[in-house]
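Contents: one structure, followed by commentary.
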Amino acid sequence: DKNPFSNYKAKVREVERVYLTEDEIQKILNKEFPTERLSLVRDIFLFSCFTGLAYIDVKNLTKSHISLGIDGEKWIFTHRQKTESASKIPILPVTQLIIDKYLEHPQCLNEDRLLPILSNQKMNAYLKEIAGICEINKELTFHIARHTFATTVTLSNGVPIESVSKMLGHKNLRTTQHYAKVLDRKVSDDMRLLKEKLGNTHTITKAKQIG
């Protein structure tokens, strides 16, 4: 005779978003891999790190998705498969190098793809190998590249959150704000380490003298 769920309130548990630091990106970027397979996976993962595109959106890219933007430079114009929202992303130099590298790749020519991407399962399996070789102590998956673009590549370098949201194809700014919270946590951790460094006897003594 009454709704058993009327007093129930759902709790949203915030997921911890893992992303790569600048040093970790450089490790992957500079590493010489023993096989062409790992080099390919590294390149496509980095492509996502510098565009913010999810696996399926990278897979769907063709040369026709590249066009000149409002500034006369090359941009990627696409729609996210997940939300069908538009993504417009200026092409950074490292992104262009990766595109140029695979321009004449047989898979790209035969299947009209921008990049010769493997299956998501294989990409993630090989990314675990890459993490081990580069001594990165994180569970590396392809989706981490998107988080890395939002945090380390853009927000950490002063790109406004509205611009980041537009490039990620978010329909709501709140979705992008989760990445800003991650950065706040990073600031907190960094300042905690600073407090520990400053909290020695010498510093305290000096502070007392100033006081």
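Summary table below
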quantity: Selected residue (only one of Tyr126, Tyr179, Tyr102 is hydroxyl-bearing (Ser, Thr, Tyr) and more than 18 Å from the chain's Cα centre (by Cα)); calculated: Tyr102
quantity: Near pairs, Cβ below 7 angstrom, 6+ apart or cross-chain, from the stretch 1-21 (among the basic types (Lys, Arg)) to any residue that is modelled with pLDDT of 80 or more; calculated: Arg17/His147; Arg17/His178; Arg17/Tyr179
quantity: Number of the condition not met by Ala145 [criteria: (1) outside any helix (DSSP H, G or I); (2) under 25 Å from Ser85 (Cα atoms)]; calculated: (1)
quantity: Candidate set: the stretch 131-163, residues that are more than 24 Å from Trp75 (Cβ to Cβ) and either in contact with a Pro (Cβ under 9 Å, 6 or more places away or on another chain) or polar (S, T, N, Q) (or both); chosen: the one surrounded by the fewest Cβ atoms within 10 Å (Cβ to Cβ); calculated: Asn137
quantity: Lys166 vs. criteria touching a residue at least 60 places away in the same chain (Cβ under 8 Å), of a type outside the set (Val, Ile, Thr) and surrounded by 16 or more Cβ atoms within 10 Å (Cβ to Cβ); calculated: yes
quantity: Candidates Ile89, Ile98, Ile130, Ile136 - the one that is in a loop (DSSP other than H, G, I, E, B), touching a helix residue (DSSP H, G or I) at 6+ places or on another chain (Cβ under 7 Å) and at pLDDT 90 or above; calculated: Ile136
quantity: Residue among Ile161, Ile117 that alone is within 23 Å of Gln81 (Cα to Cα) and either among the hydroxyl-bearing types (Ser, Thr, Tyr) or under 16 Å from the mean Cα position of the chain (by Cα) (or both); calculated: Ile161
quantity: Every residue from the stretch 139-165 that is at pLDDT below 90 and touching a Lys or Arg at 6+ places or on another chain (Cβ under 7 Å); calculated: none
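The values are calculated or read from the model by the stated rules, or taken from the named source; none is laboratory data. As the structure is a computational prediction, the values presented were derived from the model and not from experiment. Reconstructed Cβ throughout: ideal geometry from the backbone, glycine too, with neighbour counts over all protein chains shown.
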